[in-house]
Amino acid sequence: MTSTGARGSVWSTVAVIVGIVAVGTVVAGLLHEPQPDPITIPGCAEVVQPEDSVRVNYAFAIEGDADNSEVPWRFDSKAQSMTDALIAALPTGATVEPEPFAPTFGFDAGAVRQSLDGQADALGTVTVGNRTGTLTVTVGLSDQPVGPCLAGFVDQRSTQSDGTVLDIQDSTHTTRVVASAIDGTRIDVNAKGVLTLEQVIDIALAPGLRASTPA
């Protein structure tokens, strides 16, 4: 005859064993948590994960950029030819109003000479048909390679027949294309609320915006 006390001891022992196994399973799960699948981006051979993006982006921003003594758009003639090329690359029928602090829409050689990074900026409000938004075009020069794609900053990368690399980010309200030409020119076109992806690409690929194009 089995006593009640003995039966209770058996079930207590079983409960303890089950508890130990359960705890061990949880600990093992925490120690061997499955890693997320690698992020892939069309056209990108290497993708930097989100947690590394800030560090890498910062490194790219400060290494290999030309100063204002090396860029051709510090001269009025080149800055003007780049402005002409930018306006010519806008969609047919587009109108542009400069930002309040800028007298005209385009690149300013004087501002480039006063800058620390040698970049030239053109900012304006663009209207095409019934859509109005802002357009920012930044042209810089760098001797650094294009590098990996940054997750969250690049949706697609494509390489043109002349070797120009396009990093594309296309969302509901913002379309951005960064063109890295083989002569080292980096052309960053950012349109908000206006312009299609094709129109932004046309601006980024405008030959007149490149450092190697004569004024």
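Read the figures in this text as sums done on the coordinates, not as results from a lab. Just so we're clear, the structure is a prediction, and the values are computed from it rather than from any experiment. With ideal geometry, Cβ positions are generated from the backbone for all residues, glycine too; neighbour counts draw on all protein chains shown.
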Which FRET efficiency, nearest 0.05, do Thr172 and Leu116 yield, Cβ-Cβ r, R0 35 Å?
0.55
Percent of C-alpha pairs per 10 Å bin, the stretch 159-215, short to long:
26, 52, 20, 2
Amide proton proximity set for Cys44, modelled H, under 5 Å, gap of 5+:
Arg157
Identify the chymotrypsin sites (Phe, Trp or Tyr not before Pro) of the stretch 78-126 meeting these criteria: DSSP loop state and at most 10 other C-beta atoms within 10 Å of the C-beta.
Phe101
